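Read through the structure below, which is laid out as structure tokens, and then see the notes.
The values are calculated or read from the model by the stated rules, or taken from the named source; none is laboratory data. This structure is a prediction, so every number in the text was calculated from the model and none was measured. Here the Cβ positions follow ideal geometry from the backbone for every residue, glycine too, while neighbour counts run over all protein chains shown.
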Amino acid sequence: MFFLACLMSQNVEAKIKQQPVYMFGFATSFVDSLAFITDVQYIDSAYVDTKTKFLIGRNLYSVQLQDFLEKNENCKHPVTSIFFGKKKEKVEKKILSVRRRFEGDFRLKTIECPFRAEKYIDPEITNVPVATEPTSKPSKKSKKK
């Protein structure tokens, strides 16, 4: 019984795997009717949760795109999304789908390769020690007072 319980608990646990992915970014600005799409980009070592198929650090990639648009494209308050996949063909199909969906409502502007997403490094994954503040517990004497 114990052996079966151990086997079952291993399947529940999510595994994070480093793998190459293709991605593109999409951003809209609701202040004006402009939307931005990056070209499809290859990231050679992104981290992906094998159970949920989520890109680890996708918020970091999204913030990079947002910062780029605010600084270089004078876009005010962009709302960004990152799309990714293992196969370039599937990502290219998704970019066409996003274009068709938003073409009527927004003026689309393609960003030709100036934005490059950086690799995401998570200290928990790479076992890099992180400095933390020491937590002090109140002593038993201070609790009595």
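Couple of notes before you dig in:
- Tally, over the stretch 52-67, of residues that are part of a loop (DSSP other than H, G, I, E, B) and surrounded by 12 or more Cβ atoms within 10 Å (Cβ to Cβ): 3
- Total residues in the stretch 68-89, condition in a helix (DSSP H, G or I) and either more than 24 Å from P20 (Cα to Cα) or touching a residue at least 24 places away in the same chain (Cβ under 8 Å) (or both): 6
- Any hit, the stretch 102-111, residues being on the phi > 0 side of the Ramachandran plot and either in contact with a Leu (Cβ under 9 Å, 6 or more places away or on another chain) or not in a helix (DSSP H, G or I) (or both): no
- The set of residues from the stretch 71-128 being buried (at least 17 other Cβ atoms within 10 Å of the Cβ), among the hydroxyl-bearing types (S, T, Y) and either over 20 Å from R58 (Cα atoms) or at pLDDT 90 or above (or both) comprises just one member, T80.
- Lone unmet requirement of (1) part of a helix (DSSP H, G or I); (2) among the aromatic types (F, W, Y); (3) modelled with pLDDT of 90 or more for F26: (1)
- If the condition is being charged (D, E, K, R) and either in a strand (DSSP E or B) or out of contact with any Lys or Arg (no Cβ under 8 Å at 6 or more places or on another chain) (or both), then the stretch 34-51 contributes D39, D44, D49.
- Among (1) in contact (Cβ under 8 Å) with a residue 24 or more places away in the chain; (2) within 17 Å of K87 (Cβ to Cβ); (3) of a type outside the set (D, E); (4) in a loop (DSSP other than H, G, I, E, B), the one test that V31 misses: (2)
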